[in-house]
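Below is one structure, written out as structure tokens; comments come after it.
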Amino acid sequence: MQVIVAGAGALGSVLGGYLAEAGADVTLLARPAHAHAILADGLSIEGIRGTRRIRSIRAVTDPTELGRADLLIVAAKSYDTGEILARCRHLRGRIGGTLSVQNGGGKDDALGEVFGPEAVIGATCIVGGALAGPGRAVHTFDGATWIGELDGKPSPRVDRIADLFRKADLPVEVRPDIQSATWCKLNQMVPAAALSCLTRLPLHQIYLDRGLATLFVELSREMAPIAARVHIPLGDYQGFPVKTLCAQPFEAAVDSVQARGRTMQERGMTNVKISTLQDLERGRRTEADHTIGYTVRLAQQFGVPVPKLATLFEVIQGIERASTNALSPTPA
């Protein structure tokens, strides 16, 4: 299978590397330093599966070098989506399908506008990664990927993608309710990102702390009515049982979040940091506006009160502005 990964940073490199190792013909569209390091010495993936160097992978910086492919995976930061898709517009009609593993809301609509609605495959992913340097990706969380046609119907192209992921030992599940899975991932990612940015803690420590676990559940439940307004049912998925979390007795829900933290600790997953926090710590622009902000704006559109989330978003925006300004050169 010919695969293009557009916006191959941490997550895109981890996925692309494993798919290439499994025999796929993979091309990464990456930033110059990362692409040049891969071309020179292959892609190194470190982390929870050990260390391996993958040389059977191609990397480019110029989208015009990209041609026909069976699958286009979009893994760019949400705020780079417009630029990446505009530069890949020439691939319309030349790809078998496209899916996004990004965190932001509205991602499938963006893909459909550029490549045509018929090209879009729904997807959501909780694989964790980080970049240790050019040519070096770190696999931090061995989560699953869910894929499916947006209309819920079975299709050979989705089955082929799932088979490739399984061959690469990447947990994957084909879902007829992929839009629900995508929303439920956002329901859990937004509280995790908000609390990570405010506490600067690894994810398992947020889950383990009773007070933070309580706030996590409160934020998740604030978001739940938004799904109903956009006619998306909540579901339970491995790693984020949102329907149960929002419906069970409150203290039991908090207990279940703390149990996640204990499981992560037992499995040695104690270095997992939400990508939003990784960017914030580096003084970079974060995806907060495309995840937390997207949710707040959607709530406002439908008249759903999200007071805690809206307040946290305002604080995070202030932190991001201060962090970015602190690293900017002072005018002479």
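The values are calculated or read from the model by the stated rules, or taken from the named source; none is laboratory data. Everything numeric in this text was worked out from a predicted model, so none of it was measured. Note: ideal-geometry Cβ built from the backbone for every residue, glycine included; neighbour counts use all protein chains shown.
Some notes on this structure:
- Residues that are part of a helix (DSSP H, G or I) and at pLDDT 95 or above, drawn from the range 88-107: Arg89, His90, Leu91
- Any hit, the range 212-223, residues being small (Gly, Ala, Ser), crowded, with 21+ Cβ neighbours inside 10 Å, assigned to a helix (DSSP H, G or I) and within 19 Å of the chain's Cα centre (by Cα): yes
- Residues in the range 107-159 that are of a type in the set (S, T, N, Q) and touching a Phe, Trp or Tyr at 6+ places or on another chain (Cβ under 7 Å) were compared, and the one that is surrounded by the fewest Cβ atoms within 10 Å (Cβ to Cβ) is Thr145.
- Residue match in the range 172-180 (condition: outside any loop (DSSP other than H, G, I, E, B) and farther than 30 Å from Ile54 by Cβ): yes
- Residues (surrounded by fewer than 19 Cβ atoms within 10 Å (Cβ to Cβ), among the aliphatic types (A, V, I, L, M) and at pLDDT 95 or above) located in the range 225-247: Ala247
- Being surrounded by 15 or more Cβ atoms within 10 Å (Cβ to Cβ) and either assigned by TED's automatic domain parsing to the domain that holds Ser220 or in contact (Cβ under 8 Å) with a residue 60 or more places away in the chain (or both) is a property that holds for Glu320.
- Pair list, Cβ < 6 Å and 6+ apart or interchain, from the range 46-58 residues that are touching a residue at least 60 places away in the same chain (Cβ under 8 Å) to residues that are not in a strand (DSSP E or B): Ile48/Asp142
- Output for the range 158-181, where each listed residue is touching a Ser or Thr at 6+ places or on another chain (Cβ under 8 Å), closer than 17 Å to Asp25 by Cα and not aliphatic (A, V, I, L, M): Phe165
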